[in-house]
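Each reported figure results from applying straightforward, stated rules to the coordinates on display, with no laboratory input. Owing to the predicted nature of the structure, the values given are computational and were not obtained by experimental measurement.
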Amino acid sequence: MRLTMVGTGYVGLVTGVCLSNTGNDVICFDVDQSKIDTLNNGGCPIYEPGLTELMERNVKAGRLAFSTDREESYRDAQMIFICVGTPTGEAGETDLSYVMSAAEDIGNMIKSLGPNQEPKVIVVKSTVPVGTTFKVRDRIREIVGDLPFSVADNPEFLKEGDAISDFNKPDRVVVGVEDEHTGALMHELYEPFVRQGHPIYLMDVLSAEMVKYASNNFLATKISFINEMATLCEAYGANINRVREGMCADKRIGNQFLYPGLGYGGSCFPKDTLACIMMGRHSEIDTQLSQAVHDVNQRQRRNFFSKIVHHFEDEGGLSGKSLAFWGMAFKPRTDDIREAPAVSLMNWSVEAGARCRGFDPVAADNVEKENPGRFEISDGMYETLRGCDALVISTDWDEFKTPDFEKIKALLSSPVIFDGRNLYKRDQMERLGFTYYSVGRTPVKASRKTVG
């Protein structure tokens with residue numbers, strides 16, 4: 001098929017590259033000339049393992065191209081996927097301006113092509129509040145009049161860091177359509193990805209839109225739930241790791257997304273949870289659970305920061321202290337720092353008078369770009385520690401899981417670790433002489449004899 005992706009962000013680029021890899025002819029369109037220049041020069045504007053290699057292969061095969069030319073991008077496309085951003089405003093509302101702008105662009109192009117064109121399918125791939133796909137349909141209809149086209153909603157379920165695998169081997173494909181012909185085309189497009197028996201769910205448009213929100217809101221709920229249990233464990237001296245093991249052995253519960261830590265971040269869970277709250281507000285439905293999930297998540301990183309503040313209270317507070325941060329992306333295997341807990345912790349520390357030095361395998365440039373000069377960025381994980389008063393672990397990159405603890409002790413001015421990802425065992429930290437704080441577990445205090 002001949003496909004066009006509108007937007008070369010995370011969703012548009014991954015979708016376009018993976019669909020080209022099954023033999024489709026794909027154009028990735030963007031109004032940002034610098035992004036397109038980067039892509040045409042063999043670069044990639046996002047970090048996603050395996051994406052660059054797959055992109056290069058399909059560009060070389062002639063199946064994948066990048067363009068800022070609207071006519072070139074839209075003219076011959078059978079399907080046009082809207083993959084633009086839907087950021088969250090200060091009040092939690094979803095900004096649909098990019099989606100509607102894309103709809104107007106597409107409508108104007110369909111109108112200019114006239115009545116002899118093949119009817120196009122406009123697929124909303126962006127995560128949008130329920131009813132948005134019909135708004136896109138209605139806006140295009142206002143522009144094109146009686147010229148034929150159809151719409152569909154096709155939510156994405158990609159995890160940053162594993163997006164290529166998620167797209168190529170999906171748990172399920174969800175498509176919302178208004179007519180059987182559009183459904184058949186979408187089924188044909190995705191059939192190569194579900195040959196292992198995973199389902200393609202064809203449903204009404206409104207339900208398809210809601211599936212994405214319901215899924216992400218539920219996963220966010222699991223994260224906030226385990227973090228709330230971790231807080232109770234700390235209060236009563238229980239160990240959240242042991243509690244989690246016993247709890248997750250129940251097949252009805254499972255073990256995914258039930259890891260205590262600093263809470264969720266990134267571009268999806270915060271935005272989609274707030275969107276559910278916003279949709280409830282607009283329909284005068286009190287979404288109490290969604291609001292609680294959001295509140296618990298925001299409180300979690302504050303709770304962790306309070307551990308850092310409390311530790312240094314007897315030393316005059318954080319003013320003048322130096323903190324080393326391992327990990328600044330919101331999760332490993334990505335350079336995404338949107339709603340990253342590490343950035344919140346670093347900002348609060350600076351506001352309290354501390355100096356922050358951070359290391360991340362891939363996200364360091366984004367942190368410096370978004371916070372120029374605010375933090376010291378280090379090129380090496382151990383160099384980050386030199387002379388600092390404590391280490392804060394905020395992202396669970398693999399290289400942080402089995403470090404040289406003797407080197408950590410030698411480089412820090414005091415052997416203090418705040419582990420926001422529960423990477424290490426308490427008894428090991430106690431044996432090695434660290435003061436060690438984690439999530440949902442009793443702290444370990446280094447003895448004076450050990451420290452001295």
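Taken along its three principal axes, the alpha carbon spread of region 141-219 comes to 42, 29, 20 Å, from the longest extent down to the shortest. Once you have the Kirkwood Rh of the chain from its Cα pairs, apply Stokes-Einstein at 37 °C and 0.692 mPa s and quote D in µm²/s. Using the Kirkwood radius from Cα pairs, D works out to 137 µm²/s. Quick one: grab the alpha carbon gyration tensor of region 268-377, order the square roots of its eigenvalues as a ≥ b ≥ c, and give me rounded if a/c is under 1.5, else prolate or oblate depending on whether a/b is larger than b/c. Verdict is oblate for region 268-377. Restricting the calculation to Cα atoms, region 296-451 yields a radius of gyration followed by a Dmax of 14.3, 43 Å.
Rounded to the nearest Hz, the phi-derived 3J(HN,Hα) couplings of region 47-54 under the Karplus curve 6.51 cos²θ - 1.76 cosθ + 1.60 (θ = phi - 60°) are 9, 8, x, x, 6, 4, 4, 5, where x marks glycine and proline.
Expressed per residue, the C-alpha convex hull volume of region 175-247 stands at 109 Å³. Using a cutoff of 8 angstrom between alpha carbon atoms and counting only pairs six or more residues apart, the relative contact order for region 2-203 works out to 19 percent. Applying 0.36 nm per residue to the separation of Asp179 and Gln288 and subtracting their alpha-carbon distance, the gain on full extension is 35.7 nm. Both radii come from the Cα set of region 356-404: Rg as radius of gyration, Rh as Kirkwood radius; their ratio Rg/Rh reads 0.94. For region 255-263, putting each phi into the Karplus relation 6.51 cos²θ - 1.76 cosθ + 1.60 with θ = phi - 60° gives couplings of 10, 6, 6, 10, 10, x, x, 9, x Hz, in residue order, rounded to whole numbers and with x for Gly and Pro. Across region 235-240, rounded Karplus estimates of 3J(HN,Hα) from the backbone phi angles (6.51 cos²θ - 1.76 cosθ + 1.60, θ = phi - 60°) give 5, 10, x, 7, 10, 4 Hz, Gly and Pro being marked x. Overall size of region 347-437 from C-alpha positions, given as principal axis extents largest first: 40, 28, 20 Å.
Normalised Debye scattering of region 123-184 at q = 0.12, 0.25, 0.27 Å⁻¹ gives log10 I(q)/I(0) of -0.39, -1.08, -1.16, counting only Cα atoms as equal scatterers and leaving out solvent. Just the number, please: Stokes-Einstein D of region 2-203 in µm²/s, Kirkwood Rh from C-alpha pairs, 20 °C, 1.002 mPa s. The Stokes-Einstein estimate is 125 µm²/s.
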